[in-house]
Amino acid sequence: QTLDTSCMKRARQRQSQSTVSPDAKPNFVQLAEKYSAFAPFVTKTKNGFGKVDWTNAEAVRQLTIALMKDLHDITLHLPPTQLVPRVTNRTNYIRWLHSILADSDQYRIASPDTIRGIDIGTGASCIYPLLGNSLYRWQFLGTDIDPESLKCAQKNVDENGLQAAIALRLSPAPEHLLQGVLQEKDGAFAFCMCNPPFFGSMEEQVPNTKSVLVATEGELVTEGGEASFVKRLVDDSFFFKDRITWYSSMLGKKVSVKVIRAYLH
């Protein structure tokens, strides 16, 4: 389905309203008092909120674990060598999708637990399906090319008792994101989403001196970078145009928007 201008405008308005939430500015001191594993990484400040060293990988990992438990009552396991997702950023993507569905005639009056989505590259955290189910009771199929990531993702699903709501599947062919993964018995989905690897090579990554980035090469790099990744999603959409209503992806570079728009036209 193609996004029209009015639908996009309403979605942006809804998103800007919904992102004003307690998870926008967490109180680190209060979190530290509740979650002992996070406590060693918090320094008290005059404003009472505390601060965290964003260059400390373990501090960022424990913050994500604490926020997921505190805001969503989700127990999260994160391997120390794999990507640590930022909760607010991921929550905003889920809320944006909810805004899109709210303006879709097909899904406006649908029962939330009948809405099904696909998370391409769900990763070890499985954070999008976990958040989508917590916030809106959506059901998910999460895919990934890495068996080890899927093992950890399954642990997160099992730990939170969401086996009936979240299914996971190995993607056998990196060149296709949906072909070879979706099966006829899977039926239809309201949307698919993904947070693709941004870079075409590790050399493209510019280190951020203010924030740590811990991730495997497979989580950061894909052949041709994120624009090429999304082009593959566009190609696959022709095969599943009657089974997936909305196709979406995050992008890390503004230049990629022009590339994708040109490819769509």
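In this structure, Ala59 qualifies as in contact with a helix residue (DSSP H, G or I) (Cβ under 9 Å, 6 or more places away or on another chain) and at pLDDT 95 or above. Quick one: would you say Pro80 is open to solvent by 40 Å² or more (accessible area, probe 1.4 Å), closer than 29 Å to Glu217 by Cα and at pLDDT below 95? Criteria met by Pro80. Among residues that are farther than 26 Å from Glu159 by Cα and modelled with pLDDT of 95 or more, Val42 is included. Taking only pairs six or more apart or across chains, which ones have beta-carbon atoms under 7 Å, a first residue in region 249-262 that is free of Cβ contacts under 8 Å to residues at least 12 places away in the same chain, and a second residue that is buried (at least 16 other Cβ atoms within 10 Å of the Cβ) and in a loop (DSSP other than H, G, I, E, B)? So the pair list comes out as Val257/Leu251.
One line per residue, one yes/no per condition, for (1) of a type in the set (S, T, N, Q); (2) assigned to a loop (DSSP other than H, G, I, E, B); (3) open to solvent by less than 40 Å² (accessible area, probe 1.4 Å):
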site: Thr45; (1), (2), (3): yes, yes, no
site: Val60; (1), (2), (3): no, no, yes
site: Ile74; (1), (2), (3): no, yes, yes
site: Val84; (1), (2), (3): no, yes, yes
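Output yes when any residue across region 244-256 is open to solvent by 50 Å² or more (accessible area, probe 1.4 Å), farther than 19 Å from Gln205 by Cβ and not in a helix (DSSP H, G or I), and no when none is. Checked against the condition, which is being open to solvent by 50 Å² or more (accessible area, probe 1.4 Å), farther than 19 Å from Gln205 by Cβ and not in a helix (DSSP H, G or I), region 244-256 yields at least one hit. In the condition set (1) under 19 Å from Tyr247 (Cα atoms); (2) within 16 Å of the chain's Cα centre (by Cα), Leu78 is compliant with all but (1). Scanning region 200-243 for residues that are of a type in the set (Ser, Thr, Tyr), surrounded by 12 or more Cβ atoms within 10 Å (Cβ to Cβ) and farther than 26 Å from Glu148 by Cα yields one hit, Ser237.
Considered as a group, the residues in region 83-121 that are in contact with a strand residue (DSSP E or B) (Cβ under 9 Å, 6 or more places away or on another chain) and among the hydroxyl-bearing types (Ser, Thr, Tyr) include one that is nearest to Ala59 (Cα to Cα), and that residue is Tyr93. If the condition is being of a type in the set (Ser, Thr, Tyr) and under 15 Å from Tyr93 (Cα atoms), then region 115-156 contributes Thr122, Tyr128, Ser134, Tyr136.
The values are calculated or read from the model by the stated rules, or taken from the named source; none is laboratory data. Quick caveat, the model's predicted, so the values are computed rather than measured. A quick note on method: Cβ atoms are made from the backbone with ideal geometry, for glycine too, and the neighbour counts reach across all protein chains shown. Heads up: the accessible areas ignore ligands, DNA and RNA and are worked out on the full protein's heavy atoms, side chains in. Shrake-Rupley method; radii C 1.70, N 1.55, O 1.52, S 1.80 Å.
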